[in-house]
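The values are calculated or read from the model by the stated rules, or taken from the named source; none is laboratory data. Being a predicted model, the structure only gives us computed values, none of them experimental. All Cβ positions, glycine included, derive from the backbone under ideal geometry; neighbour counts span all protein chains shown.
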Amino acid sequence: MTTLIIIIVLLVLVIGTSVAIYNRLVAYRNRFKNAFAQIDVQLKRRYDLIPNLVETAKGYMKHERTTLEAVIQARNQAQQAEQQAAQGPGDPESMKKLAGAEQSLSGALGRMFALSESYPDLKANQNMMQLSEELSSTENKIAFARQSFNDAVMKYNTAREKFPNIMFANMFGFNEAQLFEIETAEERKAPDVSF
């Protein structure tokens with residue numbers, strides 16, 4: 001009888017521990033997915049601002065058509081990469097594609113703003129100044145959201161890698177999540193949007 005009680009107690013402990021570990025991993029995974037949703041909101045805001053910015057600049061920068069087209073193309077590619085990443089936040093391949101697309105977009109925006117320095121009327125345009133300020137604010141929000149996402153991913157990855165959590169993580173498909181990182185120092189530089 002005592003042996004049966006010990007077996008039942010051990011079984012309850014194992015099941016209880018398993019449930020607690022599973023629930024904790026689910027909570028951490030949901031946190032990093034929510035954190036990515038915050039990035040998603042800010043990226044969409046940024047993508048919505050860019051066409052307005054390009055339209056405003058178009059009238060002044062008639063001879064810079066290739067630069068403006070490059071910005072729109074980079075924006076479209078970044079938007080597609082963002083939509084793929086939103087389907088699986090933390091997926092290594094999606095996050096790498098998103099980081100690369102965001103790098104290209106930042107580079108194209110940087111070139112556009114560098115060229116705009118040659119157009120004093122554009123720099124003085126009230127609409128352009130307002131859009132630039134909104135874009136700058138959005139860039140700051142994206143950076144903050146990215147930091148929050150990376151913190152949540154780090155907490156999730158740490159929890160899933162601890163013993164005995166890793167046994168349950170592998171068993172139930174809690175794969176490692178990918179940080180949203182920019183690879184090189186020049187990619188880390190936000191586009192200069194001052195006018």
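Computed quantities for the displayed model
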{"quantity": "Given (1) farther than 22 Å from ALA152 by Cα; (2) among the small types (Gly, Ala, Ser); (3) modelled with pLDDT of 90 or more, index of the condition GLY59 fails", "calculated": "(3)"}
{"quantity": "Options GLU69, GLU64; residue that is crowded, with 18+ Cβ neighbours inside 10 Å, of a type in the set (Asp, Glu) and either assigned to a helix (DSSP H, G or I) or in contact with a strand residue (DSSP E or B) (Cβ under 6 Å, 6 or more places away or on another chain) (or both)", "calculated": "GLU64"}
{"quantity": "Counted residues, the stretch 137-171 - those being surrounded by 17 or more Cβ atoms within 10 Å (Cβ to Cβ) and not in a helix (DSSP H, G or I)", "calculated": "0"}
{"quantity": "Exclusive hit being surrounded by 14 or more Cβ atoms within 10 Å (Cβ to Cβ) and modelled with pLDDT under 90, set GLU117, GLU134", "calculated": "GLU134"}
{"quantity": "Unique residue being out of contact with any His (no Cβ under 9 Å at 6 or more places or on another chain), among the hydrophobic types (A, V, I, L, M, F, W, C) and without any contact (Cβ under 8 Å) to a residue 24 or more places away in the chain when the list is ALA86, ALA81, ALA74", "calculated": "ALA81"}
{"quantity": "Any chance GLN42 is in a helix (DSSP H, G or I), within 21 Å of ASN150 (Cα to Cα) and in contact with a Lys or Arg (Cβ under 7 Å, 6 or more places away or on another chain)", "calculated": "yes"}
{"quantity": "Residue count for the stretch 17-58, restricted to those that are farther than 30 Å from GLY173 by Cβ and in contact (Cβ under 8 Å) with a residue 40 or more places away in the chain", "calculated": "9"}
{"quantity": "Options GLY100, GLY90, GLY107; residue that is outside any helix (DSSP H, G or I), under 27 Å from the mean Cα position of the chain (by Cα) and closer than 27 Å to GLU181 by Cβ", "calculated": "GLY90"}
{"quantity": "Some residue of the stretch 23-41 being surrounded by 15 or more Cβ atoms within 10 Å (Cβ to Cβ), over 19 Å from the mean Cα position of the chain (by Cα) and among the basic types (Lys, Arg)", "calculated": "yes"}
